[in-house]
Amino acid sequence: MTDVAKKAGTRPVTAPPGRCLLAVLALLAVLTGCSGAGSFIGGKGKPQEAIRVVPADRAEDVRADSRVAVEVPDGRLESVRVRRIEDAREQEVPGRIAEDGHSWAPVKGARLGLAAKYSVDAVAVDGGGHRAARHTTFTTAVPKDRFIGYFKPENRSTVGTGMIVSFEFNRPVTRRAAVERAIRVTADPPVAVAGHWFGRSRLDFRPQEYWRPGTEVTVDIGLADVEGAPGVYGSQRKTVRFTVGREQTSRVDAAAHTMEVRRDGELVSTVPVTAGSATTTTYNGKMVVSEMHEVTRMDGRTVGFGGEYDIKDVPHAIRLTKSGTFLHGNYWSDEDVFGSSNVSHGCIGLRDVQGGSGSTPAGWFFDRTLVGDVVEVVNSADRTVAPDNGLGGWNLGWTTWRAGSALR
């Protein structure tokens, strides 16, 4: 379901592989202990088929009338949510779980929108009480000779002070100045905001420093009929607004195995953690929370590992990079590793219990986190995270950031 690990020894600069979790032997012990008849974990079927989703993960050019379905061959679906995301109007696709709990389908008459990105989040429970989760995305077809931008954050959301406005275009943009000029990001109280291009398909916006708490940000998207490439025109005209909430930044010291959580500059708590092991270290640098999941699946095969791990019920998962660095709950490691040693595949683990609990360090942190909060890692043996790996733009100085604008 989710990118999690970083393959040791394979680290291209422009597209860093995913990262996460712990040592193989510890994980295998957990999986063996949890296995049983009728279990997602110990069943005979392929682990990736515990929850089946149609369309396939990351499918593109999906027709508006295509079939959308979620199915479990064993157990029952606990929850399913299908949403149109990265758009000014987040919309949920109405649907129902069948009486036997084995499938979910949209209600009659529900139809996908064109030129849209959708996410599917499903949680299932087997006869032994084990939970499995799956998160997938797909995009629908864009009319010929049109381009759109999928963007973060969501309209009317409240975000952390490190939020970066990010656009991913479905087609390469060659007339970057025209496209950048058509997107206007303003703030109240006023602050200078600049754009920065990462290649031809991504454009991010941020101020020089983190946003002030309470700032109201407006993103005016005037891409309709703007020529982004020869003969290819934009189709969006909409306004997105979001609010900057309280300030919270967290500093992970990989050598000391601690995370200091600060609110408005004041130390709130020091939490023991486990970071990446010596062979699969955690990136240094500033990372921004981009997704949060109460429970998610982490499968090493999706990020370059073999069958080293496939954990279907990772609790309190907070995504920090596109390549798969997470800060998440960990219930399978011995308690004495937190605060004393690094055993993960690149993620940051906090003590938790299976199923998650608000009284554990992971649950406590999850309940106090917003998308847009900053987590900075120091004293790791790894390099600094790439600025285009997730919302990593705060690792560029202001002069370098502004130099990446097409309007300079």
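The values are calculated or read from the model by the stated rules, or taken from the named source; none is laboratory data. Owing to the predicted nature of the structure, the values given are computational and were not obtained by experimental measurement. As a convention, Cβ positions derive from the backbone with ideal geometry for all residues, glycine included, and neighbour counts pool all protein chains shown. Areas reflect the complete protein model, heavy atoms only, side chains present, ligands, DNA and RNA absent. Shrake-Rupley method; radii C 1.70, N 1.55, O 1.52, S 1.80 Å.
Computed values, structure above
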read-out: Tally, over region 365-387, of residues that are touching a residue at least 40 places away in the same chain (Cβ under 8 Å) and open to solvent by 50 Å² or more (accessible area, probe 1.4 Å); value: 6
read-out: Qualifying residue in region 92-110 (condition: modelled with pLDDT under 95 and within 20 Å of Ser235 (Cβ to Cβ)); value: no
read-out: Evaluation of Thr158 against (1) open to solvent by 40 Å² or more (accessible area, probe 1.4 Å); (2) more than 28 Å from Val217 (Cα to Cα); (3) among the β-branched types (Val, Ile, Thr) (one fails), failing number; value: (2)
read-out: Lone unmet requirement of (1) crowded, with 19+ Cβ neighbours inside 10 Å; (2) part of a strand (DSSP E or B) for Ser269; value: (1)
read-out: Exclusive hit being in contact (Cβ under 8 Å) with a residue 40 or more places away in the chain and either surrounded by fewer than 20 Cβ atoms within 10 Å (Cβ to Cβ) or within 23 Å of the chain's Cα centre (by Cα) (or both), set Ala194, Ala224; value: Ala194
read-out: Counted residues, region 282-331 - those being among the hydroxyl-bearing types (Ser, Thr, Tyr), touching an Asp or Glu at 6+ places or on another chain (Cβ under 7 Å) and modelled with pLDDT of 95 or more; value: 3
read-out: Any hit, region 141-148, residues being farther than 30 Å from Tyr233 by Cβ, open to solvent by 30 Å² or more (accessible area, probe 1.4 Å) and in contact with a Phe, Trp or Tyr (Cβ under 8 Å, 6 or more places away or on another chain); value: no
read-out: Qualifying residues in region 69-99 (those that are farther than 18 Å from Val53 by Cβ and without any contact (Cβ under 8 Å) to a residue 40 or more places away in the chain) - the one nearest to the chain's Cα centre (by Cα); value: Gln91
read-out: Residue match in region 235-258 (condition: over 27 Å from Trp211 (Cα atoms), open to solvent by 40 Å² or more (accessible area, probe 1.4 Å) and modelled with pLDDT under 95); value: yes
read-out: Test for Asp204: is it part of a strand (DSSP E or B), among the acidic types (Asp, Glu) and crowded, with 17+ Cβ neighbours inside 10 Å; value: yes
read-out: Members of region 102-149 found to be over 18 Å from the mean Cα position of the chain (by Cα), charged (D, E, K, R) and in a strand (DSSP E or B), listed by number; value: Arg131, Arg146
read-out: Test: Arg181 is closer than 17 Å to Ser235 by Cα and at pLDDT 95 or above; value: yes
